[in-house]
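The values are calculated or read from the model by the stated rules, or taken from the named source; none is laboratory data. None of the values given here were measured: they were computed from a predicted structure. Note: ideal-geometry Cβ built from the backbone for every residue, glycine included; neighbour counts use all protein chains shown. Remember, those area values only see protein heavy atoms, side chains included, never the ligands or the DNA or RNA. Shrake-Rupley method; radii C 1.70, N 1.55, O 1.52, S 1.80 Å.
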Amino acid sequence: VSASVAADEGAAAAPPGEALAGGAGRRIGASLVAAIALALAILFGLVENGNQGNMSIAVFALIFMASVSAWNIFSGYSGYLALGHAVFFGTGAYTIALIGTDWHVPAGWAVMALLPVCGVTAGLVAIPVGLVALRTRRHTFVVVTIGVFFIFQTLATNLAFTGGTTGVQVPFVSWSFSVFNQRFYYVALALVVATVALSWSVRRSRFGLQLMAIRDDEERARGMGVRTARVKLAAFVLSAIPVGIAGGLWAYFLGSVYPQSAFDPLFDIALALMGFFGGIGTIAGPLLGALVLESLQQYFTQKFSANGLYLIVYGSLFLVVILLMPRGIVPSAAQWIRSWRTQRAGGASKPTAGADVAQVTS
Amino acid sequence: VSFDGLIEAIIDGVLTGGVYALMAAGLSLIFGVLNIINIAQGAMVVLGAYLSYVLSVHLGIDLFVGLLITAPAMFALGVLLEWGFMRRLREGDRTAMSILVTYAFAIIIEGVLTKIFSSDYRELSAPYVNNSVHILNFYLPVIYLLGFAMAAALLGGLYLLFFRTKFGRGLRASLQNRTAADLIGINVDRTRMIAVGIGVAVTACGGMVYGATVAFNPDSGYDLISRLLAIVILGGMGSIGGAMVSAVALLVLADIVAVAWSPVWSVLVFYAAILLVLSLRPNGLFGARAVRAQ
């Protein structure tokens, strides 16, 4: 106990702002992890509860948590806004549907084993897309990703092997009603964990630093010896893979794939909205954004099913987020807490600081 | 493909290209003035079509006369977009943010239209919409001719406004250098606001012709915006003349593909154009200004 007091006093002796910021940052990180664990526990509760409606909300939320986290690996870290990740989502969805039917894969866990293939096809598609799109910078890049998205939607609607507008049926699972959603929940949870692990390791790596250098100043990063083209392409492909897997899982969960739903422009914008809502470039932000917004959207769709209304709510929410919290919930909250702590520390005189220490030790 | 069929496709392409040129010119103008990519331009065209629909079906107002009401309404929407949102974005990442904001606008417009009109397809009708005139060997729908004439007149008007008036000079000055324009006494904020208003107001006219030539529903905005973006990218963002040339070129090409191959693939002409241009000249067709901004 006395050691911790000494440590606290040592921190107080250091330049106050810096020490407080560091400590606050660590504590905010810890509390965020706790918040996410809590949210997952709530989702888990929904699943265990046995209410099928709630269970499917949880599965959709997890699919989007994985997708937004993956999108964030490219767009969040590199600062390049990609609005075409539905291409990879749809590619994954069609992969599982087409391969599942053509190879006569027995429905059940065997189809789940195809999920990595969805990641591979999405990654393969991402290479040429990235090679073309990443020749351009910033806002041109955004427009190109939108254009590429519409190419894929048109192809999926009109090519023979995708089944046109009637879509493709995914092998039907014979799992009983009571375990169906639960099993999908666990697979989706595993995907989220894997994607977050990927995002976290990228963030902590040299590769992640290079990406963030590109975000801050691309010319400078290149001047410092970052091979920007290669790094950007690698991040783009890396972020496509989990989105493809999520698309495959989503298709299997729904049972059928249509061009309009698999290649959905709203998916593109949803990733950006959820990312910005939570805070892009962070680990927790995309998770939080997807968890809150996708759960809400699924809930509203189940509750009201009014088709126009949720578009209005969605768009308005997006406007509010961008105008009021352009950096997202997580960074805004972190800054808010930090400034609150600095303010409190700055205003406090010696005795109250001592009282604080006493409180900590007791 | 018969020779006459090909010629007819080319004529149709030129006539519809004029209307697309008008809509793309609005998009290009907004980009040129503010560095904003208005993703909602497609949804706004559809909104314009619905406004014309309401006026003609419920109030019995002629489509062209109705533009006197819908164009100012769309102008007001553009002013709101600039004043309420664009102005509040930080200068540094305004372009990227504007894409998100206008995308949200597009979604809201789509939602409102779906809520009011459902997602059924509608079509504008008037005596001149269903008639066609017989010239040489070809039957030309009257609405195509009227639409082209109106688009040409409005584009001409825009040209005069930009290059022959004081407002136009101020606009071009604030486009070249904001600070310098400020210093010589141009009210840059107001100029920009009016420019965005004009850029959006043209969608009322474009939307009316669009709604009279094809069936539309609240979803149609997506198809439109991808075509408009392709036109604007090919023509060079911010260049109104470029938008006109590339609109006509792309629509003629798309119509030829539709006749020679299948209407299904004609839309790919637009996307292929984007990819081709960008893989050959990533910055080239964007003009020097955009390159410097990057």
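I'm trying to understand the selection: among the residues of the stretch A:121-145, which are open to solvent by 10 Å² or more (accessible area, probe 1.4 Å) and within 8 Å of chain B (Cβ to nearest Cβ)?
A:132, A:135, A:137, A:138, A:139
Taking residue B:222 and the conditions (1) at the interface with chain A (Cβ under 8 Å from one of its Cβ atoms); (2) open to solvent by 20 Å² or more (accessible area, probe 1.4 Å); (3) at pLDDT below 80, which numbered condition does it fall short on, given that it satisfies the others?
The number of the failed condition is (3).
With respect to residue B:44, determine if the residue is within 14 Å of chain A (Cβ to nearest Cβ), in a helix (DSSP H, G or I), under 10 Å from the mean Cα position of the chain (by Cα) and of a type in the set (A, V, I, L, M, F, W, C). Quick ask: steps written out before the conclusion?
Numbers: within 14 Å of chain A (Cβ to nearest Cβ): yes; in a helix (DSSP H, G or I): yes; under 10 Å from the mean Cα position of the chain (by Cα): yes; of a type in the set (A, V, I, L, M, F, W, C): yes.
Criteria met by residue B:44.
Filter the stretch A:216-256 down to residues that are closer than 18 Å to residue A:107 by Cβ and of a type in the set (Ser, Thr, Tyr) and give me whichever is farthest from the chain's Cα centre (by Cα).
The residue in question is A:256.
Determine if the stretch B:28-38 includes at least one residue that is farther than 22 Å from residue B:153 by Cα, surrounded by fewer than 24 Cβ atoms within 10 Å (Cβ to Cβ) and at pLDDT 90 or above.
Checking the stretch B:28-38: not a single residue is farther than 22 Å from residue B:153 by Cα, surrounded by fewer than 24 Cβ atoms within 10 Å (Cβ to Cβ) and at pLDDT 90 or above.
Could you grab the pairs with beta carbons closer than 6 Å, sequence gap of 6+ or different chains, first residue in the stretch A:106-119 and open to solvent by 40 Å² or more (accessible area, probe 1.4 Å), second one assigned to a loop (DSSP other than H, G, I, E, B) and modelled with pLDDT under 80?
Final answer for the pair search is A:107/A:171; A:107/A:172; A:107/A:173.
Answer with yes or no whether residue B:5 is modelled with pLDDT of 85 or more and either closer than 28 Å to residue B:257 by Cβ or within 14 Å of chain A (Cβ to nearest Cβ) (or both). Let's see the steps before the verdict.
Working: modelled with pLDDT of 85 or more: no; either closer than 28 Å to residue B:257 by Cβ or within 14 Å of chain A (Cβ to nearest Cβ) (or both): yes.
In short, no.
Of (1) modelled with pLDDT of 85 or more; (2) part of a helix (DSSP H, G or I); (3) not aromatic (Phe, Trp, Tyr), residue A:82 satisfies all except one. Which?
Among (1) modelled with pLDDT of 85 or more; (2) part of a helix (DSSP H, G or I); (3) not aromatic (Phe, Trp, Tyr), residue A:82 violates only (2).
Within 14 Å of another protein chain (Cβ to nearest Cβ), surrounded by fewer than 23 Cβ atoms within 10 Å (Cβ to Cβ) and at pLDDT below 85: does that describe residue A:304? Walk me through how you get there before you give the answer.
On the way: within 14 Å of another protein chain (Cβ to nearest Cβ): yes; surrounded by fewer than 23 Cβ atoms within 10 Å (Cβ to Cβ): yes; at pLDDT below 85: yes.
It is true that residue A:304 is within 14 Å of another protein chain (Cβ to nearest Cβ), surrounded by fewer than 23 Cβ atoms within 10 Å (Cβ to Cβ) and at pLDDT below 85.
Can you run down the residue pairs with Cβ atoms below 7 Å, 6 or more apart or on separate chains, where the first is in the stretch A:162-175 and free of Cβ contacts under 8 Å to residues at least 12 places away in the same chain and the partner is β-branched (Val, Ile, Thr) and open to solvent by 100 Å² or more (accessible area, probe 1.4 Å)?
Sorted first by the residue in the stretch A:162-175, then by its partner, the list stays empty.
Among the numbered conditions (1) open to solvent by 40 Å² or more (accessible area, probe 1.4 Å); (2) in contact with a helix residue (DSSP H, G or I) (Cβ under 8 Å, 6 or more places away or on another chain), tell me where residue B:104 comes up short.
For residue B:104, the exception is condition (1).
Yes or no: residue B:239 away from chain A (no Cβ under 13 Å) and in contact (Cβ under 8 Å) with a residue 24 or more places away in the chain? Outline the logic, then answer.
Numbers: away from chain A (no Cβ under 13 Å): yes; in contact (Cβ under 8 Å) with a residue 24 or more places away in the chain: yes.
Yes; evaluated as a whole, the condition is true for this residue.
Evaluate the stretch B:20-36: report whether one residue or more is in contact with a Cys (Cβ under 9 Å, 6 or more places away or on another chain) and hydrophobic (A, V, I, L, M, F, W, C).
First, pick out the residues of the stretch B:20-36 that are in contact with a Cys (Cβ under 9 Å, 6 or more places away or on another chain): B:22-23.
Now restrict to residues that are hydrophobic (A, V, I, L, M, F, W, C): B:22-23.
Yes, that holds for at least one residue.
Looking only at the stretch A:181-188, decide whether some residue is more than 24 Å from residue A:59 (Cβ to Cβ), touching a residue at least 12 places away in the same chain (Cβ under 8 Å), of a type in the set (Ser, Thr, Tyr) and buried (at least 22 other Cβ atoms within 10 Å of the Cβ). Can you show your working first?
Kept after step one, since they are more than 24 Å from residue A:59 (Cβ to Cβ), are these residues of the stretch A:181-188: none.
Within the stretch A:181-188, not a single residue is more than 24 Å from residue A:59 (Cβ to Cβ), touching a residue at least 12 places away in the same chain (Cβ under 8 Å), of a type in the set (Ser, Thr, Tyr) and buried (at least 22 other Cβ atoms within 10 Å of the Cβ).
Within the stretch B:237-275, take every residue that is among the polar types (S, T, N, Q) and outside any helix (DSSP H, G or I) and give me the one that is nearest to residue B:172 (Cα to Cα). Let's see the steps before the verdict.
Restricting attention to the stretch B:237-275, the residues satisfying the condition of being among the polar types (S, T, N, Q) are B:239, B:246, B:262, B:266.
The next check asks that each one be outside any helix (DSSP H, G or I); those that pass are B:239, B:262.
Details: B:239: 12, B:262: 42 Å.
Result: B:239.
Quick one: residue A:101 ticks every box in (1) over 24 Å from the mean Cα position of the chain (by Cα); (2) closer than 30 Å to residue B:220 by Cα bar one, so which box is it?
(2)
So which residues in the stretch A:154-178 are in a helix (DSSP H, G or I) and surrounded by 22 or more Cβ atoms within 10 Å (Cβ to Cβ)? Reasoning before the result, please.
Taking the stretch A:154-178 and keeping what is in a helix (DSSP H, G or I), we get A:154-158, A:164-166, A:177-178.
Of everything in the stretch A:154-178, just one residue is in a helix (DSSP H, G or I) and surrounded by 22 or more Cβ atoms within 10 Å (Cβ to Cβ), namely A:156.
Being out of contact with any Leu (no Cβ under 8 Å at 6 or more places or on another chain) and either open to solvent by 60 Å² or more (accessible area, probe 1.4 Å) or closer than 16 Å to residue A:61 by Cα (or both) is the filter here, so list the residues in the stretch A:189-211 that pass it. It would help to see each step written out before you state the result.
Filtering the stretch A:189-211 down to residues out of contact with any Leu (no Cβ under 8 Å at 6 or more places or on another chain) leaves A:190, A:193-195, A:197, A:199-201, A:203-211.
The answer is A:190, A:193, A:194, A:195, A:200, A:203, A:204, A:206, A:209.
Has the stretch B:58-73 got any residue that is β-branched (Val, Ile, Thr) and at pLDDT below 90?
Yes; the residues of the stretch B:58-73 include at least one that is β-branched (Val, Ile, Thr) and at pLDDT below 90.
Restricting the stretch B:107-118 to residues that are open to solvent by 10 Å² or more (accessible area, probe 1.4 Å) and more than 7 Å from chain A (Cβ to nearest Cβ), which is nearest to residue B:80 (Cα to Cα)?
Residues of the stretch B:107-118 that are open to solvent by 10 Å² or more (accessible area, probe 1.4 Å), as a first pass: B:108-110, B:112, B:114-118.
With the extra rule that they be more than 7 Å from chain A (Cβ to nearest Cβ), the set shrinks to B:109, B:116-118.
Numbers: B:109: 14, B:116: 22, B:117: 24, B:118: 26 Å.
Result: B:109.
Given the structure, is residue A:257 away from chain B (no Cβ under 13 Å), touching a His at 6+ places or on another chain (Cβ under 7 Å), open to solvent by less than 20 Å² (accessible area, probe 1.4 Å) and under 29 Å from residue A:175 (Cβ atoms)?
Details: away from chain B (no Cβ under 13 Å): yes; touching a His at 6+ places or on another chain (Cβ under 7 Å): no; open to solvent by less than 20 Å² (accessible area, probe 1.4 Å): yes; under 29 Å from residue A:175 (Cβ atoms): yes.
When the stated conditions are applied, residue A:257 does not pass them.
Has the stretch B:52-62 got any residue that is open to solvent by less than 10 Å² (accessible area, probe 1.4 Å), part of a loop (DSSP other than H, G, I, E, B) and not charged (D, E, K, R)? Please lay out each step first, then the result.
Of the stretch B:52-62, the ones open to solvent by less than 10 Å² (accessible area, probe 1.4 Å) are B:52.
After this cut, where a residue has to be part of a loop (DSSP other than H, G, I, E, B) as well, the list is none.
No: the stretch B:52-62 contains no residue that is open to solvent by less than 10 Å² (accessible area, probe 1.4 Å), part of a loop (DSSP other than H, G, I, E, B) and not charged (D, E, K, R).
Across the stretch B:78-95, which residue is farthest from the other protein chains (Cβ to nearest Cβ) among those that are surrounded by fewer than 21 Cβ atoms within 10 Å (Cβ to Cβ) and assigned to a helix (DSSP H, G or I)?
This residue is B:79.
Does the stretch B:60-70 include one or more residues that are closer than 28 Å to residue B:142 by Cβ, away from chain A (no Cβ under 13 Å) and touching a Cys at 6+ places or on another chain (Cβ under 7 Å)? Explain how you work it out, then say what you get.
First, pick out the residues of the stretch B:60-70 that are closer than 28 Å to residue B:142 by Cβ: B:60-70.
Imposing the further condition that a residue be away from chain A (no Cβ under 13 Å) reduces the set to B:60-70.
Okay, now just the ones that are also touching a Cys at 6+ places or on another chain (Cβ under 7 Å), so B:67.
Yes: one or more hits.
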